[in-house]
Amino acid sequence: MAEIATGPMSRRVGSIRRLLERYPFLPALGIVAALFLLNGFFSPASLSYRALTGLLSTYMALILLSIAQTYVVYAGDIDLSVGSILSLVNVTIIVLMERWGGGAGAVLLSLALGLLLGLACGLVNGLVVAALRLQAIVATFATSIFFTGLALYILPVAGTPAPTLFWRTYGGRLFGLPFVFYILAVLLVLLFMLARTRLAAQLLAVGDDRQAAYQTGLPVVSVRIRGYLLCGLFAALAAFCITGDTASGDPLVGGKMTLYSVAAVVLGGSALAGGWGTVVGSLLGALTIGLINSLVFFMGTPSEWQNFMQGLAILLVLMAGVLAGRRARP
Amino acid sequence: MSKLKLSGVSKAYGATLALRRGDLEVMAGEVHVLMGSNGSGKSTLCKIIAGSVRPDAGRILIDDTPATITGPRSARAQGIGIFYQELSLAAHRSVEENICLAALPVRAGLFVDRVSLKERAARYIALFDGVSGEGFAADALVGNLRPDQRQLVEIMKALASEAPLLIFDEPTSALDRAQVERFFEILGNLKRRGRGIIFISHRMDEIKAIGDRVTIIRDGETITTLNLDETDAATVIRLMVGGAGDMPASQSSVPAAVDIAAESALTVRNLSGAGFRDVSFEVGRGEILGFGGLHGQGQSALLRAIFGAGAITSGEIRIGSERFDASSPRDAIRRGLAYVSGDRSRDGVISGRPIIENVSPIHYLRDRLMIASPSRLRDRVLPALQSMHTKFASLFDPISALSGGNQQKVIIARWLIDRPDVLLLDDPTKGIDLSAKADLFTLIRQLAAEGLGILLYSSEDAELLGNANRILVFNGGSVSRELTGAERTRYNLYQAAYEAA
């Protein structure tokens with residue numbers, strides 16, 4: 001009797017589990033939806049087209065930075081220098097664009113150099129962590145100080161403005177649609193393609209069990225370095241967005257964002273130990289953080305209590321995500 | 001034609017010589033069996049061939065030409081595929097991805113070609129159609145599979161390398177009858193197609209069924225190579241044991257009878273849990289009860305479960321006359337149990353901390369010590385260390401400054417400040433040198449003489465024969481034989497361990 005009763009029940013639990021296995025970011029998606037509703041409840045205006053565009057353009061940098069972090073977390077590594085890479089690229093392109101006059105050519109050339117700089121920072125991290133086998137968490141903490149030092153050398157104080165062309169484009173519209181929507185669309189296509197690359201599969205295999213991956217014959221060191229390269233690349237892209245959003249250079253702008261990016265990765269359902277996760281989850285995780293911040297604001301929390309509430313809300317969301325995601329992992 | 005020839009290959013890990021002199025020649029179209037007891041060097045030899053361990057010396061010829069294998073990638077490139085005993089699978093990846101992981105098919109140089117990946121994996125999955133069991137599917141995550149199914153995935157992965165030389169290091173330990181038969185059919189086919197196959201198994205019947213020749217390794221040295229149809233099981237076992245397997249010299253020198261009737265230290269009744277089932281025994285005060293058998297037959301799992309570090313599903317444990325259910329090691333320690341593992345780095349050493357801190361944690365716990373003054377602590381720590389002739393310069397040196405043997409002495413010393421009632425030894429001499437071993441066993445026998453009940457699991461038969469009053473031989477998670485008195489010989493130990501499970 002009891003067995004008959006448990007049959008379909010366990011099959012249903014099994015199918016939820018399969019769904020979560022396939023789409024580990026589903027809990028994060030649910031949380032984002034719930035936060036949207038809460039935001040709308042406290043302030044209907046926060047769901048307006050305008051407000052959503054603003055949310056996206058403010059948090060696009062964090063989204064990209066969280067995606068950057070995800071690729072190294074895939075392989076069981078971590079990068080505590082993403083924020084510093086972002087700052088370094090931010091001040092570098094600001095200074096270059098200003099020096100070269102702020103025309104379209106200057107902007108594009110600066111951006112290209114910014115991407116190269118991001119890749120170079122990723123390469124440094126990769127060599128230090130994978131080739132020299134230093135502890136990722138400490139080694140990238142050290143390189144973060146190093147990158148910050150470079151950023152402070154390039155632009156000692158915050159303030160140099162970005163060329164009008166640059167921030168007008170970022171905050172403006174193209175064919176009637178806000179520019180950030182195009183960024184989001186291109187980003188989604190890019191993530192879709194990256195998820196299908198051999199590198200993504202290899203990163204996850206390395207993160208799953210490094211020794212097993214080595215014994216399988218995977219080029220573990222080179223895979224990890226390529227993870228850091230990808231991370232540096234996305235950190236540079238994040239720097240472009242923060243530059244577009246703040247329209248100025250600030251050598252310390254990214255410092256606080258590093259741990260937010262780690263939090264977003266975890267909120268998105270990825271395992272910090274590696275081998276398990278999705279970039280879409282991290283995107284949603286970054287949005288979660290953005291929505292929590294705006295929710296705390298819209299709830300009318302007194303300013304001195306806002307940090308307290310943000311921390312509390314992130315903890316709650318983390319718990320909810322863990323409870324939902326626990327079933328999925330084998 | 002010779003596929004692979006090794007001569008004089010050796011490998012040492014620190015002071016431990018894992019492989020002294022490995023010689024092996026594998027022909028095309030043969031299944032070549034490697035046999036040897038625990039820690040004789042078989043797996044090391046295989047890992048050297050597969051490139052995941054670098055040899056210190058020796059020559060390797062592949063297809064009669066000298067070869068250097070720099071790593072697993074280089075081994076694959078030179079036509080070597082391997083099944084790892086401890087498996088090399090990614091738990092969060094699907095079966096098909098794992099099978100093809102070493103060489104993912106790629107489209108446009110960048111993207112994984114899912115279609116050809118599925119096709120390729122399906123070929124190897126189809127080989128085990130009908131025996132792979134419920135829930136086995138190409139897109140199932142490996143971590144969700146049963147142990148036998150995971151082992152099948154590792155087999156498929158090795159087969160997918162399509163390497164001319166395949167190594168299978170205990171590929172059948174978790175498989176059922178039907179799976180083994182299917183696997184042997186596949187091996188037979190490969191053999192006919194001229195592949196060279198190295199096969200390790202501890203089951204005599206399997207070896208007879210599939211093997212052509214056997215190479216016997218003892219204490220890290222290749223003893224001989226024989227044709228399997230010209231020899232019998234007894235000869236093979238005798239060669240593994242060493243010429244004088246049942247001569248008096250290899251018999252146990254320890255008195256068999258200890259007055260158990262006096263008082264029992266620990267009683268275990270019908271205990272089952274993860275990795276062992278239905279185990280019953282009694283160890284008396286002053287007795288050393290040995291656990292023998294091949295590696296991983298449930299001995300460690302049982303000891304850890306008694307210590308509260310592993311799950312128990314049924315049965316009961318008594319200490320003295322009192323019922324005991326350790327919910328955690330902390331609880332077990334409070335009730336007078338001590339556990340020493342051979343895996344020092346995982347279960348013993350507090351790395352990077354001074355020696356004194358490595359000796360005192362149990363004392364903190366048992367004495368509910370809150371504040372310790374170094375000088376008072378020193379008075380308690382020093383005698384414990386000295387009773388084992390531990391060599392160290394200062395109590396405040398980091399433990400990593402010591403050799404493996406001395407580190408293990410420090411670990412044992414931590415249990416000696418407050419005497420436990422029962423000592424659980426889980427292969428305690430793994431990777432330590434001979435003089436340290438001698439010191440350790442002198443102490444262990446002395447502790448027994450003082451009235452402790454001691455459970456000793458050792459992967460080295462000589463240690464069991466030299467110290468245990470009785471020996472329980474484990475096979476497949478339960479006790480297959482108890483050796484007492486004059487039965488305690490090397491030959492009997494081997495025979496009990498190698499009987500088909």
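Modelled this way, with points 7 Å down the Cα-to-C-beta line, the labels at residue A:184 and residue B:12 are 6.5 nm from one another. With one equal scatterer per alpha carbon and no solvent term, the Debye-computed log10 I(q)/I(0) for region A:150-280 at 0.13, 0.15, 0.16, 0.17 1/Å reads -0.73, -0.91, -0.99, -1.06. On the basis of the beta-carbon distance and an R0 of 51 Å, residue A:195 and residue B:450 show a calculated FRET efficiency of 0.20. Once the Cβ-Cβ distance of residue B:482 and residue A:113 is raised to the sixth power relative to R0 = 56 Å, the FRET efficiency obtained is 0.15. Between the helical axis of B:404-413 and the longest alpha-carbon principal axis of chain B there is an angle of about 40 degrees. Considering only alpha-carbon pairs that sit under 8 angstrom and 6 or more positions apart, the relative contact order computed for region A:25-325 is 37 percent. Between rounded, prolate and oblate, where does region B:373-484 land on the alpha carbon gyration tensor, with a ≥ b ≥ c its root eigenvalues, rounded for a/c under 1.5, else prolate if a/b exceeds b/c? Prolate, since a/c reaches 1.5 and a/b exceeds b/c.
With neighbours defined as other Cβ atoms within 10 Å of a residue's Cβ, the residues A:305, A:100, B:415 order from fewest to most as A:305, A:100, B:415. I'd like the orientation of helix B:434-449 relative to chain B: the angle between its Cα long axis and the longest Cα principal axis, in ° from 0 to 90, rounded to 10. Helix B:434-449 and the main axis of chain B meet at about 50 degrees. Using the beta-carbon distance between residue B:137 and residue B:282 and R0 = 56 Å, what value does 1/(1 + (r/R0)^6) give for FRET efficiency, to the nearest 0.05? That pair, residue B:137 with residue B:282, gives E of 0.75. Counting only DSSP beta bridges whose two residues both lie in the protein assembly as shown, roughly 60 percent are antiparallel.
Look at the stretch B:106-113: the mean tally of other chain Cβ atoms within 10 Å of its residues' Cβ atoms is 4.
For chain A, the Cα gyration tensor yields ellipsoid semi-axes of 33, 27, 17 Å (square root of five times each eigenvalue, largest first, whole Å). Residue-wise HN-Hα couplings along region B:169-177, as the Karplus relation 6.51 cos²θ - 1.76 cosθ + 1.60 with θ = phi - 60° gives them from phi, are 8, 6, x, 10, 4, 10, 7, 8, 3 Hz; Gly and Pro carry x. Summarising the strand pairing of region B:45-178, around 55 percent of its internal DSSP beta bridges are antiparallel. Volume per residue of the convex hull around the Cα atoms, evaluated for chain B, comes out as 165 Å³. If you look at the Cα atoms of region B:2-241, you get an Rg and a Dmax of 17.8, 58 Å. Taking one quarter of the surface of the convex hull spanned by the alpha-carbon atoms of the protein assembly as shown gives a direction-averaged projected area of 42.5 nm². The alpha carbon centroids of region B:451-501 and region B:4-79 are separated by 30 Å. Counting neighbouring beta carbons within 10 Å and listing from fewest to most, the residues B:148, A:208 come out as B:148, A:208. Working from Cα pairs under 8 Å separated by at least six residues, relative contact order for chain B is 17 percent. Within 10 Å of the Cβ of each residue in B:89-96, the mean number of Cβ atoms contributed by other protein chains is 6. Bridging of residue B:437 to lysines at a Cα separation below 18 Å is possible for B:391, B:409, once same-chain residues fewer than 8 apart are set aside. Most simply put, region B:2-241 has about 55% antiparallel DSSP beta bridges, counting only bridges with both residues inside it. Counting, for every residue in B:68-81, the Cβ atoms of other protein chains within 10 Å of its Cβ and taking the mean gives 2.
A Cβ-based charge dipole, computed about the Cα centre of chain B with Lys and Arg at +1 and Asp and Glu at -1, lands at about 1240 debye.
Where a number appears in this text, it was derived from the coordinates with a stated rule and is not lab data. All figures in this text were calculated on a predicted structure; none of them were measured in a lab. Quick reminder, even Gly has a Cβ in these numbers, built from the backbone with ideal geometry, and neighbours come from all protein chains shown.
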